[in-house]
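Quick notes on the structure that follows.
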Amino acid sequence: MTNENKRPRLILTLGDPAGIGPEVILKALADPQVTQNCDLVVVGNRNLITITYENISKNIDNSLVLANPADLSIIDLPTVGEIVTGVGNAASGTASFAYMEYAISQTLAGEFDGIVTGPIAKSAWKAAGYNYPGQTELLAAKAGFNILNDRFGMLFVARSPFTGWTLRTLLATTHIPLCQVPNTLKPELLTKKLDLLVECLENDFGLKNWRIVISGLNPHSGEMGQLGTEEIDWLIPWLESERQKHHAKNSLNQLEGLIPPDTMWVKPGLAWYGNGEVKNPADGYLALYHDQGLIPVKLMAFDRAVNTTIGLPYVRTSPDHGTAFDIAGKGIADPTSMKAAIQLAVELVKHQATRKHLDHKISP
């Protein structure tokens, strides 16, 4: 895109072809509200996509709407080995990894504005010999980032169907064992993640005056050192330093914390469901580890949350669900999260294009 009026160009990876990726993509692309504002290309295997289309069309209620593969723009990559619907293996892992590599290389080359990724199975990647913790880390590595130190992150975004409020949750640490979290968390890491979240809220969502809530690490945020000392030792001093830094830039910006992890999600839950008056729900939430952030996100928004990797040189979104091998090929997979991932990618690309256009106009 050269300015905000262009149609975003998105490439969709099929994900693990043995999972529900082919089905949710066909369902999502049948919705004109999803496809009317962007140009979409699917990277996968045309024959596998066609088989999914034919099997579901033949065996499921005719009222089910699927996009016809013949009408789609598909980059057809060959498969190596046998793909069995519902069974993730080395062949399906090799295929999903190849789709990702192609999408990344073409997007970095400027052919696309963003990537929407179908769900993959980490076990299938491992069986195929690829030892990345997940798609986020592969994206970062291919962009030339140090996956342990550089400024990128997993942000989960969902818009409530009840109230219209938008939940945004960033994870400070991602795919690491729980026992490694306390030693991985450092002031430098949290500063990078917080700055990244601030930039995302301001630049990608247009929020110049924001409020961010930050979780504690231990139960009750340590309860004055009785349940862990990380808060007293460094988290509280770090937060106070960050509060002063951001307040100096804009006195209307707010950093709230450290909120006990078990109560941090009460207000978001009320704002999501609309069953109670919530004044000033936060614009962003910073969770310190994977399950601390994703249990509440998936409880509220499992069928519509979107995982977006922020900090990359392009937009990347993904539905916030897995391959669901147990229901693959049955025609019952819910495409809501895939639709939301495509729509959010369009929104983010347009926001970025608008910002770049304005920056260009005001630059000397």
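Quick one: of K208/K267; K6/K27; K298/K339; K58/K330, which pairs are farther than 20 Å apart, Cα to Cα?
Going by Cα-Cα distance, K208/K267; K6/K27 fall outside the 20 Å limit.
For L12, enumerate residues with amide H under 5 Å from its amide H, sequence gap 5+ or separate chain, H modeled in the peptide plane.
Residues meeting the criterion, in which the H sits 1.01 Å from N, are V41, V42, V43, V116.
Which of the GluC sites (Glu not before Pro) across region 228-296 are loop residues per DSSP, with 16 or fewer other Cβ within 10 Å?
Counting only loop positions with at most 16 other Cβ atoms within 10 Å, the GluC sites (Glu not before Pro) in region 228-296 are E277.
With only alpha-carbon atoms in the gyration tensor, what are the semi-axes of the equivalent ellipsoid for region 251-364, in Å, largest first?
Semi-axes from the Cα gyration tensor: 28, 25, 13 Å.
Report the extension gain between K245 and K330 in nm, rounded to one decimal, defined as 0.36 nm multiplied by the number of residues separating them, less their alpha carbon distance.
Extra length available between K245 and K330 comes to 25.3 nm.
Please compute the net charge surrounding A158, taking Lys and Arg as +1 and Asp and Glu as -1 over other residues with Cβ under 10 Å from its Cβ.
+2
Which value results for Rg/Rh of region 189-327 when Rg is the Cα radius of gyration and Rh the Kirkwood radius based on the inverse mean 1/r?
Expressed as Rg/Rh, it is 0.98.
Which cross-chain or sequence-distant (5 or more) residues have an amide H under 5 Å from the amide H of R316, H modelled 1.01 Å from N in plane?
Sorted by chain and number, the residues that satisfy this are I115, T309.
Quick one: net charge around P335, please, counting Lys, Arg +1 and Asp, Glu -1 for every other residue with C-beta under 9 Å from its C-beta.
-1
For the chain, take the longest principal axis of its alpha carbons; what is the angle in degrees between that and the long axis of helix 187-199, to the nearest 10 within 0 to 90?
70
Return P(r) of region 26-133 (all Cα-Cα pairs; 10 Å bins starting at 0; whole %; ordered from short to long distances).
Pairs per bin, as whole percents: 13, 40, 36, 11, 0.
What's the extension gain from R151 to M224 if we count 0.36 nm per residue and subtract their Cα-Cα distance?
23.2 nm
Using 0.36 nm times the number of residues separating L270 and T50, minus their current alpha carbon distance, what extension gain do you get?
74.9 nm
How high is the relative contact order of the chain, in percent, with contacts defined as C-alpha pairs under 8 Å that are six or more residues apart?
In percent, rounded to a whole number, it is 25.
Return the sequence-ordered ³J(HN,Hα) values of region 276-284 in whole Hz as given by the Karplus equation 6.51 cos²θ - 1.76 cosθ + 1.60 applied to θ = phi - 60°, using x for Gly and Pro.
Whole-Hz 3J(HN,Hα) from phi for region 276-284: x, 6, 10, 8, 6, x, 5, 7, x.
If you wrap a convex hull around the alpha carbons of region 144-209, what volume per residue comes out, as a whole number of Å³?
It comes to 125 Å³ per residue, whole-number rounded.
With every atom except the alpha carbons ignored, what do you get for Rg and Dmax of the chain, in angstroms?
Rg then Dmax for the chain, in Å: 20.9, 63.
What angle do you read, to the nearest 10 degrees and between 0 and 90, between the alpha-carbon axis of helix 90-108 and the longest principal axis of the chain?
It is inclined by approximately 70 degrees.
Over region 184-319, what relative contact order in percent results from Cα pairs under 8 Å that are six or more residues apart?
Relative contact order for region 184-319 comes out at 26 percent.
To the nearest 0.05, how large is the calculated FRET efficiency for K58 and R7 if R₀ is 45 Å and r is the Cβ-Cβ distance?
That gives a FRET efficiency of 0.85.
Spelling out what I want: for every residue of region 289-304, take phi, set θ = phi - 60°, compute 6.51 cos²θ - 1.76 cosθ + 1.60 (Karplus), and round to whole Hz; glycine and proline get x.
8, 3, 6, 4, x, 8, 4, x, 4, 6, 5, 7, 9, 4, 8, 9
Which residue, P69, T263, I327, has the largest displacement toward the positive end of the dipole of the chain when charges sit on each Cβ (Lys, Arg +1; Asp, Glu -1)?
It is P69, whose Cα lies furthest towards the positive end.
Based only on Cα atoms, what mean projected area does the convex hull of region 5-87 have, in nm²?
5.8
Zone of L178 (label point 7 Å along Cα→Cβ, backbone N under 15 Å): which residues in region 269-308?
Only 288-296 pass the distance filter.
Name the lysines eligible as straight-distance cross-link partners of K186: C-alpha to C-alpha under 16 Å, and not fewer than 8 places from it in the same chain.
none
Nearest 20 debye, what's the magnitude of the dipole of the chain about its Cα centre given +1 on Lys and Arg Cβ and -1 on Asp and Glu Cβ?
Computed about the Cα centre, the dipole is about 660 debye.
Can you list which of the trypsin sites (Lys or Arg not before Pro) found in region 219-302 are DSSP loop residues with at most 14 other C-beta atoms within 10 Å?
Counting only loop positions with at most 14 other Cβ atoms within 10 Å, the trypsin sites (Lys or Arg not before Pro) in region 219-302 are K279.
So, with +1 on the Cβ of K and R and -1 on the Cβ of D and E, and no other charges, what is the size of the charge dipole of region 233-364 about its Cα centre, to the nearest 20 debye?
640
What does the charge add up to near A67, with Lys and Arg as +1, Asp and Glu as -1, over the other residues with Cβ less than 15 Å from its Cβ?
So the environment of A67 carries a net charge of -2.
Of L171, G222, G118, which is farthest towards the positive pole of region 108-230's charge dipole, taken about the Cα centre with +1 and -1 on the beta-carbons of Lys, Arg and Asp, Glu respectively?
Positive-most Cα among the choices belongs to G118.
Size of the dipole of region 46-186 about the Cα centre, Lys and Arg at +1 and Asp and Glu at -1 on the beta carbon, nothing else charged, in debye to 20?
560
Coordinate-derived values only; no laboratory data. Values in this document were obtained by computation on a predicted structure and should not be read as measured data. Quick reminder, even Gly has a Cβ in these numbers, built from the backbone with ideal geometry, and neighbours come from all protein chains shown.
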